[in-house]
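Heads up, the thing below is written out as structure tokens.
Readers should treat all values here as calculations from the given coordinates under stated rules, not as data from a laboratory. Keep in mind that what you see is a predicted model, and the values were worked out from it rather than measured. Neighbour counts are summed over all protein chains in view; Cβ atoms, including those assigned to glycine, are modelled from backbone coordinates with ideal geometry.
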Amino acid sequence: MSLEIRGVEKSFAGRNGVQPVLSGVDLSVERGEFVSLIGHSGCGKSTLLNIIAGLQRPDAGEISLDGVPVTEPGPDRAMVFQHYSLLPWMSIYDNVREAAASARPDRTKGDNDSIVERYLRVVGMWPHRSKRPGQVSGGMQQRAAVARAFAVGPKVLLLDEPFGALDALTRGRLQQQLVELWSGESNTETVMMVTHGLDEAVYLADRVVVMAAPPLPSVIEVIDVDIKRPRDKATIVHDPEYQRVYDRLGHLLMHELAPATGW
Amino acid sequence: MAEEEVPEQAPAGQGITRRNVLKAGLVLGAAQVLAACGGKTTATTGPSTSASASGSKKSPSGKPINLGFIALTDCASVVMAKELGYFADRGLNVNVVKQTSWAGTRDNLLSGQIDGAHCLSAMPISLAPGIGGKPDQVLKIAMIINNNGQSITLKKELAAAGYDNLKTEKSVLTAQQALKLAMTFPGGTHDTWLRYWLMAAGVPTAGIQIVTIPPPQMVANMTAHNMDGFSVGEPWNAKAVSDGIGFTAINSQDIWDNHPEKALVVNPAFAESRKDELKQVMGAVLQASKWLDDQGNRASAAQTIGVPAYVGAEPAAIRGRMLGQYDLGAGLGSKTYNGDYMRFYRDGNVNFPRHSYVMWFLAQYQRFGLLKTAPDYKAVANNLILSDLYQEVAQAEKIPVPNDDLAPISTQLDGATFDPANPQAEAKRV
Amino acid sequence: MSRRPILDDAPAVVDVAQAEVTPGPAPVASPRGGGRLRETAGSVGLALAGVAALVLLWQIVASARPHVPSPGATLTELRTLLASPLRNAGPNIGDKGIVVLLGSSLIRLFTGFALAAAVGIPLGFAVGAIEPVRRATNPIIQVLRPVSPLAWFPIALAALSMTPPAAVFTIAITALWPTMINTAFGVGSVPQDHRDVAKVFRFSRAKYIRRVLVPYSIGSIITGLRLSMGVAWMVLVAVEMLAALPGIGGFVWDSYNNNNMPAVAAAILFIGVVGFGLDMILSRIARRFDYSVAR
């Protein structure tokens, strides 16, 4: 399976006229890859993710998954949002089940229910399934959101800064859980994750895509992360490859690209 | 029996206007009731604002005098005194201020926002100490303004009750379920005529709903099926007939011929501190009263007071009954009065504020069960009537003062006689 | 007169002190039992102090202006009214107990209110969800909304020819606007996040309406209903006065004509208390649908 992104452009009409956000993105994501997208605000990383998810349409260019053009949401892609986005009036269980059921109309109810239960158990939310999102912590909500996305069984999992609002400890645990789910028994083989955290980008990804806002090209550099899996968060900081990539990212973001953003 | 006298039909164009007037009356009425409770009023000054003080008696103080009135035909003497320039001739700076309800009039008089008013003659009685007011809530009667010219109107569906027929009225009314009748003010003249008439017909008031509705809204409310009948002054009874929604069941002059109706009621502080001006006001109103009792002037009076700023009804509706020509409505024919239609002067017989009047009303309050204990009849009457003032004015204006202050009163509706020397007899009469 | 007489209009005396102070969701760690009791006692104490201050002010005004009914006279009148509140001895307002009158008023209120909700909520949905509908109706709504409901009464009377339905209509037209506008607002302001979820997970239109739009909007709808209830109650009293209908408003009109100002003041207290009660009920309902609070 490959996700091909060719020449994608996107602008938004704003108060100050038309603002370009993506100017010609070219990217190929192979099956089984975990790709991080990183860049300063306005570089269009979330927009790109939304386009891949089918929430928005590009002004130019094309996205195809296994040769099939992507224009609408579909069962082959699922998303974990920045702000959890669980529906507050439904229980955790209903949130996951309703979403999975409507994304996968091909499933029987029984199948869907057991898949939902499985993922809720994996993320440890099964005991809390009857609670409402407002009754659990941010970390637990995000776990449920991850379970929801996985329960759809998508080929590509999209995550938009999913752990940004959580404390370091919770973030660490969820990162591990994400990797476990992705590399374990699931349909999901490919992951694209937008993040602001350099360490998160390197720790999780096989490749890190550095993006920038126009007039700079949207994709500045794609860096391979050549660290074997499974990766241990505690020890990975000492890995020279980790440090190389981390430093390169730091240099790009803090020095080369910083002036353009006014810093 | 008699040929139904078709009231003067207004041409088609004005017929439509009449409906608009009804609607306007509804809107106006609605707004007015709201305004009424706050005591706010729409001030009007007639077209004739004569500034010239060709006045004879006194030099004007310049300070305005506010006289209230309500949209009824019998406001004519106060309004015409203004319109004919009689106030100005005497050096008075008078504003005639339209009131929207009797309760509003009461409150405005008490607060001094108006100094005097065209007012129900029974209102000061209902407020008298021990009855409806507190010791510092006194209003005084300076003189009577008019006799007669009020009626009780019933909805046309009750036409079988007929006119001035106590027997048929009793049978029709007692047959009604949940009868709802309106009057203009609790304890006022219209309330009294209504209850007196019901009692005379032997209709028990226990099961009847009697509500208070300001005069200008009477017809609109009957049109809205909000009530089965009302007791009010002209021109609203005539209007109900001409609108085809009601008929006249009894005229007040057929209850008590030449009864006191409206009075010039004044704020006591005003009566004391500006006595000389009050005397001139009374003089001017008496002048207008004389003028009005000349039949030849009534058509033009109807024209003048008919405008929206005053009564707000078509002159034709006002004029007919003012001249004593009554179309009773609902196929009951017509009735003509000679002399005992609405009168304003009658050589001073109208205007003399008799003590017997006050006592008669008090006795009726007791009779109706509105007063549980007997009041001090003489004291109340003495307290309310500005007798000395009237005598002075009558002398100055050269108006005859009758000698029957405490003479017995006969009411022809039920053939009763009231003796002011023995009010309890009346109070206990069933 | 059989009515006890007194004076002019009293200043509006409403149960002001009990302003609803809601400090937000219940704290996760509640104070120890004794501390909580002290807190409640403190609030009640403050409320009572506020009421006492108001009554004192009232007494001062009444002493200075004897036409204003005093707290004492009002209390006496209250006792009289409460002595036989369920009386229904005859058709006149004076024959009916205060609870009977309030009952008539509430029936009128709920009828009009129900009408307004039945029309306003669906209409609000249409306006909020369907752009052409919104554009078509917006100018009309903006022009009709500021019209005082009491101005509708004569028109309703002319159209319906009977006073009681006209009164109900007037209440309904008053209650319509807050409900409709708030519903439209709720429906039209579903957050992007929720819409994205529905889109990404491919909710059908029916599912979107049932699982996203309606639950999200309920909060706004109930807010609208709360506003509607408040304003409908106010208008009801005025309409009853206008039309001398038997009810609490009719009672005020009747007392005014009879120069019984303490009764007017007592009626004001009743009106305020009932209004407060109605709002509390709706506020309870609103809280039930507030998903941000842990329950």
Task: Two-site label geometry, B:Lys398 and B:Ala299: point separation in nm, points 7 Å out along Cα→Cβ - done: 3.0 nm
Open item on the list: I want the antiparallel fraction of DSSP beta bridges within the protein assembly as shown, as a percent rounded to 5.
Closed with: 60 percent
Open item on the list: Relative contact order for the range B:329-430: what percent, with Cα pairs under 8 Å and sequence separation of 6 or more?
Closed with: 34 percent
Task: Size of electric dipole in the range A:1-61: Cβ of Lys, Arg +1 and of Asp, Glu -1, about Cα centre, debye, nearest 20 - done: 240 debye
Task: Percent of beta bridges antiparallel (DSSP, the range B:150-258, rounded to nearest 5) - done: 60 percent
TODO: Run the quick spin-label model on A:Asp232 and B:Thr417: label points 7 Å from Cα toward the beta carbon, then report their separation in nm to one decimal.
DONE: 12.9 nm
TODO: Place a +1 charge on the Cβ of each Lys and Arg in the range C:85-288 and a -1 charge on the Cβ of each Asp and Glu, then give the dipole magnitude about the Cα centre in debye, rounded to the nearest 20.
DONE: 1040 debye
Open item on the list: What number does the range B:70-211 give for Rg over Rh if you use C-alpha atoms and the Kirkwood radius?
Closed with: 1.05
Open item on the list: Only four residue types carry charge here, +1 at the Cβ of Lys and Arg and -1 at the Cβ of Asp and Glu. Report the dipole size of the range B:150-258 about the Cα centre in Debye, rounded to the nearest 20.
Closed with: 240 debye
- [ ] Considering Cα pairs under 8 angstrom that are at least six residues apart, work out the relative contact order of chain A and quote it in whole percent.
- [x] 24 percent
TODO: Scale the Cα Rg of the range B:150-258 by the rule-of-thumb value 2.2 N^0.38 Å and send over the ratio, two decimals.
DONE: 0.93
Task: Rg(Cα)/(2.2 N^0.38 Å) for the protein assembly as shown, N = residue count - done: 1.36
- [ ] Jot down the per residue volume, in cubic angstrom and as a whole number, of the convex hull over the alpha-carbon atoms of the range B:330-430.
- [x] 143 Å³
Open item on the list: Are there any chymotrypsin sites (Phe, Trp or Tyr not before Pro) in the range B:155-227 that are in a DSSP loop and have at most 13 other Cβ atoms within 10 Å? List them by number.
Closed with: none
Task: Separation between Cα centres of the range A:1-67 and the range A:159-218, rounded to whole Å - done: 16 Å
Open item on the list: Which one, C:Ala238, C:Gly188, C:Ile248, projects farthest toward the positive side of the charge dipole computed for the range C:85-288 from Cβ point charges (K/R +1, D/E -1)?
Closed with: C:Gly188
TODO: Express the relative contact order of the range C:85-288 as a whole percentage, based on alpha carbon pairs under 8 Å and six or more residues apart in sequence.
DONE: 25 percent
Open item on the list: Spelling out what I want: for every residue of the range C:73-87, take phi, set θ = phi - 60°, compute 6.51 cos²θ - 1.76 cosθ + 1.60 (Karplus), and round to whole Hz; glycine and proline get x.
Closed with: 5, 5, 4, 4, 4, 4, 4, 4, 5, 7, 5, 9, x, 9, 4
- [ ] Would you mind getting me the FRET efficiency between A:Glu185 and C:Phe289? Use the beta-carbon distance for r and R0 = 56 Å, nearest 0.05.
- [x] 0.90
- [ ] At 7 Å along the Cα-to-beta-carbon direction for both A:Arg118 and C:Asp95, put a label point, then send me their distance in nm to one decimal.
- [x] 7.8 nm
TODO: Report, in deg cm²/dmol and to the nearest 500, the calculated mean residue ellipticity at 222 nm for the protein assembly as shown, where each DSSP H run with n ≥ 4 adds -39500 (n - 2.57) and the sum is divided by the residue count.
DONE: -15000 deg cm²/dmol
Open item on the list: Quick check: net charge around B:Asn148, other residues with Cβ under 15 Å of its Cβ, Lys/Arg +1 and Asp/Glu -1?
Closed with: -2
Task: Burial order of peptide ranges C:71-78, A:215-222, C:183-190 (average beta-carbon count within 10 Å, highest first) - done: C:183-190, C:71-78, A:215-222
Task: Förster radius 30 Å - calculated FRET efficiency between C:Ala52 and C:Val273 (Cβ-Cβ, nearest 0.05) - done: 0.95
- [ ] Go ahead and run the numbers for FRET between A:Asp66 and C:Lys207, Cβ-Cβ distance against an R0 of 30 Å, rounding to 0.05.
- [x] 0.60
Open item on the list: Need one number: convex hull volume per residue for the range C:85-288, Cα atoms only, in Å³.
Closed with: 133 Å³
